[in-house]
1. Of the trypsin sites (Lys or Arg not before Pro) in region 162-218, which ones lie in a loop per DSSP and count no more than 16 other C-beta atoms within 10 Å?
2. Hand me the chymotrypsin sites (Phe, Trp or Tyr not before Pro) from region 86-174 located in a DSSP loop with no more than 14 other Cβ atoms within 10 Å, in residue order please.
3. Give the separation of the Cα centroids, region 188-220 to region 44-113, in Å.
4. Charges only on Cβ, +1 for Lys and Arg, -1 for Asp and Glu: so what's the dipole of the chain about the Cα centre, in debye to the nearest 20?
5. Over region 100-232, calculate the relative contact order: mean separation of alpha carbon pairs under 8 Å at least 6 apart, over the residue count, as a percent.
6. Pairs of Cα atoms under 8 Å, at least six residues apart: use those to get the relative contact order of the chain, whole percent.
7. Enter the per residue convex hull volume of region 154-259, computed from alpha-carbon coordinates, in Å³ rounded to the nearest integer.
8. Working out 0.36 nm times the residue gap between L197 and R237, then minus their Cα-Cα distance, what length gain in nm do you get to one decimal?
Amino acid sequence: MVKLAAALAVMIAGAAAAAPPKRVVSINLCTDQLAMLVAAPGQLVSVSWLAADPSVSLMAEEAATTGLNHGSAEEVFVQRPELVLAGTYSTGPATDMLRRLGIRVETLPPANSIADVRANILQMGKLLGQPERAADVLVRFDADLAAVQPGPSRVAATYAANGFTAGPDSLSADILRRAGLMALSEKLGTSGGKLSLEELVLATPDMIVTGSRYAAPSRAEGVLDHPAFAAIPATRRTVPDRDWMCGLPAVAATVAGLAK
């Protein structure tokens, strides 16, 4: 009887440990949106205020119906979370303090490929104790990707403020690849980063992909208004930053749009 009681105690303890957390707080824009996709109703206590900003979030309306936070340890602590979700590069002091206060903090790395997006969806399901919901999200994501018909092979340059272009090992480069395109950095054999306007002109890409523009004038974006940039004979495509800033299932739509 003693052994049986001990075994039951272990089983009960294991079941309790595996129970989905009832109060979850996210303090990172990307974990915010993944959590909103996977969490059960009422499971999320709050997400970061950025999730409610439609200029950077694809789920601003959903975030508006959830509590919001500004990522401070004090603010999060009083919400009594069982689990805090953060990005690898989220506010270190806040997450460190929360851990010292005995709160479970889990981080998800940024997605640098479609494979990373899939992995993070499954990991979010595991962290929230919602593997079935995560599996449903993944099935829809894979179906959307499978429906994409890649276009003809062409070279595409992503070009943003300060002449930044994506490297070949980035999520945006993998999205281009899935659409039948090759990132210019891959063609040039570079790791991405700053690309001068002169280098871009000489590279003669078939397509140039730009992102969101700031509402206020920005010197960093001046390069995008230069006559030489406008004169490059390339197909132009605008992809809002929010469409591929985070590794979300919605990147399948970005792949499809670029493929067209």
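1. Here the trypsin sites (Lys or Arg not before Pro) that fit, given the DSSP loop and packing criteria, are R213.
2. Y89
3. When both Cα centres are located, 32 Å separates them.
4. With Lys and Arg at +1 and Asp and Glu at -1, about 460 debye.
5. About 23 percent, as a whole number.
6. Averaging sequence separation for qualifying contacts and normalising by length gives 18 percent for the chain.
7. Considering the Cα atoms of region 154-259, their hull volume per residue is 92 Å³.
8. Length difference between fully extended and current span is 12.6 nm.
Just so you know, all these numbers are worked out from the coordinates, no wet-lab data involved. What you see is a predicted model, and the numbers here were worked out from it, not measured in a lab. Don't worry about glycine lacking a Cβ; one is built from the backbone with ideal geometry, like all the others, and counts go over all protein chains shown.
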